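Here's the structure, in structure tokens; my notes come after.
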Amino acid sequence: MGAMGRGESQGRPSEARSRLLDTATRIFYGEGIHSVGIDRIVAEAQVTRATLYRHFPGKEDLVLAYLSQVDEAMRGQVTRAADSGLPAADTIRALGESIAQGIQSPGFRGCAFLNAVAEYPDPDHPAHRAVLAHRQWFLDTVTELLSRIQEAQAEAAARHFVMLRDGAMAAGCLFDPTLVCDTFLRGVEGLLRAHTASSPAEPSDA
């Protein structure tokens, strides 16, 4: 990790970009977005300022790339649960368990998207819109899973799931994460029972 100027410009621009984005992701998530300057990211990523601007013309571009990277990671998490071949109710349980594991992981600092939207309250800002787009995708995905159990009231149940998730993510970095996750998972079970109660039987997800 010595002198990187020539290697950045000639050999491995994608490696420099990845290092910048990984550094920004770690610092933005751990400390907040507005409080972190470009100089800090450049120093910790061990690249030149010119290299940063070659990949990210401004800080906003880096912020949007950060949110996109977190979005991709979460989509992968949800896709793994959804593609498991389990019945829909068990898929929802698996998704809940995955969320709980994240809350109990070292360095957990809440939901990256809720944290970001608190720093970008303007609904027209691209970062704000990126957060809303992610949340709409998550709601739609959970709605689709719940509709496999019972189509009626699936979106209402999905909104309940998202609210339970949001509450657990907010409380998980303030209180005992084990207790928070236990409460969250019991809430998911209660939601599934209520949603299944009016359904004669869960489809087989064939």
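The values are calculated or read from the model by the stated rules, or taken from the named source; none is laboratory data. Quantities reported herein were computed from a predicted structural model and do not represent experimental measurements. We place every Cβ from the backbone using ideal geometry, glycine too, and count neighbours over all the protein chains shown. Calculation scope for accessible area: heavy atoms of the full protein, side chains included, ligands and nucleic acids excluded. Shrake-Rupley method; radii C 1.70, N 1.55, O 1.52, S 1.80 Å.
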Estimated vicinal HN-Hα couplings, Hz - segment 37-54 in sequence order (Karplus 6.51, -1.76, 1.60; Gly, Pro = x)
x, 4, 4, 5, 5, 4, 5, 6, 7, 6, 10, 7, 4, 4, 5, 4, 6, 5
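Sort Glu15, Glu119 from largest to smallest accessible area, using a 1.4 Å probe on the heavy atoms of the protein chains.
These residues rank, largest area first, as Glu15, Glu119.
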Mind computing the radius of gyration and Dmax over the alpha-carbon atoms of segment 30-76? Å is fine for both.
11.5, 32
In debye to the nearest 20, the charge dipole size for segment 85-162, taken about the Cα centre with +1 at each Lys and Arg Cβ and -1 at each Asp and Glu Cβ, equals 180 debye
Rg and Dmax of segment 84-129, Cα atoms only, in Å:
15.1, 40
Tally up the carbon and sulfur contribution to the accessible surface of segment 81-206 as a whole percent, 1.4 Å probe, everything protein left in place.
58 percent
Under a Cβ-only charge scheme (Lys and Arg +1, Asp and Glu -1), can you give me the dipole magnitude of the chain about the Cα centre, in debye to the nearest 20?
560 debye
With only alpha-carbon atoms in the gyration tensor, what are the semi-axes of the equivalent ellipsoid for the chain, in Å, largest first?
38, 17, 15
